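One structure below.
The values are calculated or read from the model by the stated rules, or taken from the named source; none is laboratory data. None of these values were measured; they are calculated from a predicted model. Note: ideal-geometry Cβ built from the backbone for every residue, glycine included; neighbour counts use all protein chains shown. Only protein heavy atoms, including side chains, enter the accessible area calculation; ligands, DNA and RNA are left aside. Shrake-Rupley method; radii C 1.70, N 1.55, O 1.52, S 1.80 Å.
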Amino acid sequence: ADSIPVITIDGPTASGKGTVAQRVAEALHFHYLDSGALYRLTALSALRARVALDDEPALAQTAAGMRPSFRDGNVLLDDVDVSTDIRAEEVGNAASKIAALPAVRRALVDLQLRFRQAPGLIADGRDMGTVIFPDACLKVFLTASAEARAERRYKQLIDKGFSANINDLLKDLNERDARDANRAVAPLRPAEGAYLLDTSNLTVNQAVEQVLGWYAAVRKSA
Ligand code: CDP
Ligand code: CDP
């Protein structure tokens, strides 16, 4: 399996990981892993089963017991489409908290590794290049200013018909960044050898082209 190429895209919230990773996956006909969805699924399952968000063994069991499936960009849990449910703000906040627990992270490792299938995988998250796929042939670390990211989240929410407040979003985003960067296990940081890409002033197309260009270059030199 180790000869199957992997591209990792890590970075903070709303840096564009999901959008860019899905576009690159389409261009290369690669599989796509949205690792954040697994933390969100664990959080959703825990909230529904009323598992306390600090009960590490019970949360790890919840994570290990899930049988999610991914179809055409939709996320299913026990054959029910939960794509919208896992995007709720409450679920995102719970996901960010339980993601700091080592037993929860361990429980999700095998599930993530199983996404590595021919002809290749592009995986996005926080620790794809540092922990889960350290042998990836291309590692990208996406960033953007907090203001640019808050603006993007704002637009996404308004487009979906939600109301939103840019100052609340900025505050929430800074809190989540701090939690991801300062936790003891798998903190958010660029992997060794990662290519840094600041997308503050880039369009989605420009970011996608940059990643595809880097991938073409690493393939050539391999
Ligand atoms: O949408 P947002 O960027 O806030 O989050 P996400 O990528 O959907 O992931 C939800 C939460 O899971 C994040 O806030 C992270 O704390 C956590 N996560 C993680 O710890 N490791 C990953 N590989 C992916 C997500
Ligand atoms: O996965 P992550 O939380 O990093 O971000 P996302 O869910 O892909 O959201 C990023 C949003 O910013 C999307 O609405 C994109 O259209 C937009 N955007 C981007 O991803 N990249 C740019 N260079 C410019 C805008």
How many of the residues making up region 179-191 are modelled with pLDDT under 90 and more than 15 Å from ligand 2 (Cβ to nearest atom)? 6
Condition first: of a type outside the set (Phe, Trp, Tyr), loosely packed, with under 14 Cβ neighbours inside 10 Å and within 16 Å of ligand 2 (Cβ to nearest atom). Can you find one or more residues in region 60-69 that meet it? no
Pairs needed: first member in region 81-103, over 17 Å from residue 70 (Cβ atoms) and open to solvent by 60 Å² or more (accessible area, probe 1.4 Å); second member anywhere, more than 13 Å from ligand 2 (Cβ to nearest atom) and not hydroxyl-bearing (Ser, Thr, Tyr); C-beta distance under 6 Å; at least 6 residues apart or different chains. 97/53
Output yes when any residue across region 102-120 is assigned to a loop (DSSP other than H, G, I, E, B), within 11 Å of ligand 1 (Cβ to nearest atom) and out of contact with any Ser or Thr (no Cβ under 6 Å at 6 or more places or on another chain), and no when none is. yes
Qualifying positions in region 137-174 - touching a Phe, Trp or Tyr at 6+ places or on another chain (Cβ under 9 Å) and more than 17 Å from residue 90 (Cα to Cα): 137, 138, 139, 140, 141, 166
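Quick check, is residue 208 hydrophobic (A, V, I, L, M, F, W, C) and either modelled with pLDDT of 95 or more or open to solvent by 90 Å² or more (accessible area, probe 1.4 Å) (or both)?
Answer is yes for this residue.
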Please go through region 160-183 and pick out each residue that is open to solvent by 90 Å² or more (accessible area, probe 1.4 Å) and either in contact (Cβ under 8 Å) with a residue 24 or more places away in the chain or among the basic types (Lys, Arg) (or both). 160, 171
Given (1) more than 14 Å from ligand 1 (Cβ to nearest atom); (2) open to solvent by less than 70 Å² (accessible area, probe 1.4 Å); (3) under 19 Å from the mean Cα position of the chain (by Cα), index of the condition residue 192 fails: (2)
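Where residues in region 10-53 are β-branched (Val, Ile, Thr) and closer than 25 Å to residue 103 by Cβ, which of them is nearest to ligand 1 (Cβ to nearest atom)? Spell out how you get there, then give the answer.
So the first thing to find is which residues in region 10-53 are β-branched (Val, Ile, Thr), and the list is 13, 19-20, 24, 42, 51.
Okay, now just the ones that are also closer than 25 Å to residue 103 by Cβ, so 13, 42, 51.
Details: 13: 3, 42: 9, 51: 17 Å.
The selected residue is 13.
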Do you know which residues across region 10-42 are crowded, with 21+ Cβ neighbours inside 10 Å, among the small types (Gly, Ala, Ser) and within 7 Å of ligand 2 (Cβ to nearest atom)? 11, 14, 15, 16
Inside region 104-137, can you point out the residues that are surrounded by 23 or more Cβ atoms within 10 Å (Cβ to Cβ) and touching a helix residue (DSSP H, G or I) at 6+ places or on another chain (Cβ under 7 Å)? 104, 122, 123, 124, 125, 126, 128, 132, 136
Within region 141-149, is even one residue within 12 Å of ligand 2 (Cβ to nearest atom), over 17 Å from the mean Cα position of the chain (by Cα) and surrounded by fewer than 20 Cβ atoms within 10 Å (Cβ to Cβ)? yes
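So that you can scan it fast, the table gives a plain yes or no per residue for (1) over 19 Å from the mean Cα position of the chain (by Cα); (2) within 14 Å of ligand 2 (Cβ to nearest atom); (3) part of a loop (DSSP other than H, G, I, E, B):
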residue	(1), (2), (3)
129	no, no, no
162	yes, yes, yes
169	no, yes, no
217	yes, no, no
Where a residue in region 12-39 is under 17 Å from residue 76 (Cα atoms) and without any contact (Cβ under 8 Å) to a residue 40 or more places away in the chain and its partner, wherever it lies, is open to solvent by 10 Å² or more (accessible area, probe 1.4 Å) and more than 8 Å from ligand 1 (Cβ to nearest atom), with Cβ under 9 Å and at least six apart: none
